[in-house]
Amino acid sequence: STKGQVITCKAAVAWEAKKPLTIEDIEVAPPGPGEVRIKVLSTGVCHTDAYTLDGFDPEGLFPCILGHEGGGIVESVGVGVTSVAEGDHVIPCYIPQCKECKFCKSTKTNLCQKVRTTQGAGVMPDGTKRFKCKGQELYHFMGTSTFSQYTVVAEISVAKVNESAPLEKVCLLGCGISTGYGAALNTAKVEAGSTCAVWGLGAVGLAVAMGCRQAGAAKIIGVDINADKFEVAKQFGVTDFVNPKDHEKPIQQVIVDMTDGGCDYTFECIGNVGTMRAALEACHKGWGQSVIIGVAASGQEISTRPFQLVTGRVWKGTAFGGWKSRDSVPKLVEDYMSKKLMVDEFVTFVKPLSDINTAFDLMHQGKALRTVIDM
Ligand code: APR
Ligand code: ZN
């Protein structure tokens, strides 16, 4: 067994911003107290990884190991770990769930704050790192660092899932799919018969559509400037399509006209402050709610006329779909197993770790809902 030993394995290392990842042999230290070492089998590649790699995150730390949409098997656990054991199938969660902090105790949020500071600083909760390459320590990322064949995460960041679930699929429940699906079900609480509109038909927006359909929405309008997205979107529940490029009028006006005064629920899944405004203003007077899911670039600000809110529209947002991670991810996996939740359909490509930069290219080109990396 490798328990207690340093493991040498392959990882995609981000040495500096704006440079492709390079595959390196790295050393992964054993898990400390309250930590778990995971053999990562699969990982998705998501926008936050690209955003950090492209140098847009002013708090990005290099060199580091990116990746936050992974699935794997527990290799060993540190002292005091009780909730998972060697051999368990797990999904690392970038929002942990300590079950002790005031955020965890509140039913109103999933934003556990227990390790927020150290996670943001790219280190384990004790302030140190577990990765080394060429004698240099590497920063952790989002408390997960799944672009490595082995990673070390805090116990409170690990969701134990059904072993019969294919990790090469359910790894995607570590971010994008859960985020969109939960935004519809937990944040908006879409009701049967509702009219919904979703801006951005990537994985996140399509997962929103799937949640709206699950809730019984009568109309789900997909808004995207890439018409190629429309065909695939149908299978996730999108009923109507609007391409802003086909219209002279502001897109919110187009949607309001289509829906007898606006939508009950709208969702922004792009990360653009202009479309965030459009999504809010496409809501019905008196009750329409708009949920921001896309992450805007650092320093950006949203705006609208306050009259939009005075007249009853509501502006909201969530991270990770409002799911309390360790409690919910295992249930989402069960929902996938019972075919209530689609996951396979989000996997456009599968690539080996050695091709991970191609996954970033495919994402930037809008050609992939998700590329899953087979570690
Ligand atoms: N209007 C309409 N659609 C747009 C616009 C726009 N101005 N700009 C981009 N889009 C569409 C793209 O064509 C694409 O289909 O938005 C979609 C975004 O999808 P992806 O790039 O696949 O992103 P996804 O993985 O779904 O994540 C969405 O959520 O993770 C956050 O902020 C992050 O930008 C990311 C967003
Ligand atoms: Zn907590």
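Which members of region 25-81 meet the condition of being buried (at least 23 other Cβ atoms within 10 Å of the Cβ), of a type in the set (D, E, K, R) and closer than 21 Å to G294 by Cβ?
D49, E69
Considering Q113, Q119, Q136, which residue is touching a residue at least 40 places away in the same chain (Cβ under 8 Å) and away from ligand 1 (no atom under 16 Å from the Cβ)?
Among Q113, Q119, Q136, only Q136 is touching a residue at least 40 places away in the same chain (Cβ under 8 Å) and away from ligand 1 (no atom under 16 Å from the Cβ).
Based on this model, can you work out whether V84 counts as buried (at least 17 other Cβ atoms within 10 Å of the Cβ) and assigned to a loop (DSSP other than H, G, I, E, B)?
Spelling it out, V84 is indeed buried (at least 17 other Cβ atoms within 10 Å of the Cβ) and assigned to a loop (DSSP other than H, G, I, E, B).
Return the pairs, sorted by first residue and then second, in which the second residue is more than 12 Å from ligand 1 (Cβ to nearest atom) and of a type in the set (S, T, N, Q), the first residue lies in region 197-218 and is within 11 Å of K229 (Cβ to Cβ), the beta carbons are less than 8 Å apart, and the residues are 6+ apart or on different chains.
Short answer, once both residue conditions are applied: V198/T266.
Condition check: within 16 Å of ligand 1 (Cβ to nearest atom) and not in a loop (DSSP other than H, G, I, E, B). Does T52 satisfy that?
Against the criterion (within 16 Å of ligand 1 (Cβ to nearest atom) and not in a loop (DSSP other than H, G, I, E, B)), T52 qualifies.
Give, as residue ranges, the strands (runs of 3 or more DSSP E) completely inside region 278-364 that count at least 1 residues that are small (G, A, S).
289-292, 314-317
Taking F349, is it buried (at least 21 other Cβ atoms within 10 Å of the Cβ) and within 16 Å of ligand 1 (Cβ to nearest atom)?
In short, no.
Say we look at region 334-368 and pick out the residues that are farther than 18 Å from Y51 by Cβ and within 15 Å of the chain's Cα centre (by Cα); which of these is nearest to ligand 2 (Cβ to nearest atom)?
The selected residue is V343.
Collect the residues in region 115-152 that are under 17 Å from K324 (Cα atoms) and in contact with a Pro (Cβ under 6 Å, 6 or more places away or on another chain), keeping them in residue-number order.
Those that are under 17 Å from K324 (Cα atoms) and in contact with a Pro (Cβ under 6 Å, 6 or more places away or on another chain): V115, T144.
So, V13, is that one crowded, with 22+ Cβ neighbours inside 10 Å, closer than 29 Å to F346 by Cβ and either under 22 Å from the mean Cα position of the chain (by Cα) or modelled with pLDDT of 95 or more (or both) or not?
Against the criterion (crowded, with 22+ Cβ neighbours inside 10 Å, closer than 29 Å to F346 by Cβ and either under 22 Å from the mean Cα position of the chain (by Cα) or modelled with pLDDT of 95 or more (or both)), V13 qualifies.
Here is a list of conditions, (1) more than 16 Å from ligand 2 (Cβ to nearest atom); (2) within 18 Å of the chain's Cα centre (by Cα), and D88 meets all of them except one; can you say which number that is?
If we test D88 against (1) more than 16 Å from ligand 2 (Cβ to nearest atom); (2) within 18 Å of the chain's Cα centre (by Cα), just (2) comes out false.
Scan region 55-69 residue by residue and report those that are over 12 Å from the mean Cα position of the chain (by Cα), not in a strand (DSSP E or B) and not aromatic (F, W, Y).
G55, D57, P58, E59, G60, L61, P63, I65, L66
So in region 130-159, with the set limited to residues that are within 23 Å of C101 (Cα to Cα), of a type in the set (A, V, I, L, M, F, W, C) and in a loop (DSSP other than H, G, I, E, B), which one is farthest from the chain's Cα centre (by Cα)?
F141
Please go through region 353-372 and give me each residue that is within 9 Å of ligand 1 (Cβ to nearest atom) and surrounded by 22 or more Cβ atoms within 10 Å (Cβ to Cβ), ordered by number.
The answer is M363, A368, L369, R370.
I'd like to know if region 314-328 contains one or more residues that are more than 23 Å from P96 (Cα to Cα) and away from ligand 2 (no atom under 16 Å from the Cβ).
Yes, region 314-328 has at least one match.
Taking the condition out of contact with any Phe, Trp or Tyr (no Cβ under 7 Å at 6 or more places or on another chain), in contact (Cβ under 8 Å) with a residue 24 or more places away in the chain and within 13 Å of K132 (Cβ to Cβ), does P20 pass?
Against the criterion (out of contact with any Phe, Trp or Tyr (no Cβ under 7 Å at 6 or more places or on another chain), in contact (Cβ under 8 Å) with a residue 24 or more places away in the chain and within 13 Å of K132 (Cβ to Cβ)), P20 does not qualify.
Quick one: is K316 surrounded by 13 or more Cβ atoms within 10 Å (Cβ to Cβ), under 24 Å from G262 (Cβ atoms), basic (K, R) and out of contact with any Gly (no Cβ under 9 Å at 6 or more places or on another chain)?
Considered against the rule, which asks whether it is surrounded by 13 or more Cβ atoms within 10 Å (Cβ to Cβ), under 24 Å from G262 (Cβ atoms), basic (K, R) and out of contact with any Gly (no Cβ under 9 Å at 6 or more places or on another chain), K316 comes out as yes.
Among the residues of region 87-109 satisfying the criterion of being within 13 Å of D327 (Cα to Cα) and within 16 Å of ligand 1 (Cβ to nearest atom), which is surrounded by the fewest Cβ atoms within 10 Å (Cβ to Cβ)?
I95
Spot the failing condition for K108; the list is (1) of a type in the set (D, E, K, R); (2) more than 16 Å from A319 (Cβ to Cβ); (3) more than 10 Å from ligand 2 (Cβ to nearest atom), and only one is missed.
(2)
Name the residues in region 141-155 that are away from ligand 1 (no atom under 16 Å from the Cβ) and crowded, with 24+ Cβ neighbours inside 10 Å, would you?
G143, S145, F147, S148, Y150, T151, V152, V153, A154 - these are the residues of region 141-155 that are away from ligand 1 (no atom under 16 Å from the Cβ) and crowded, with 24+ Cβ neighbours inside 10 Å.
The values are calculated or read from the model by the stated rules, or taken from the named source; none is laboratory data. Note that the structure is a prediction, hence the values are computed from the model and not measured. Cβ sites come from the backbone with ideal geometry, for glycine too, and all protein chains shown count toward neighbours.
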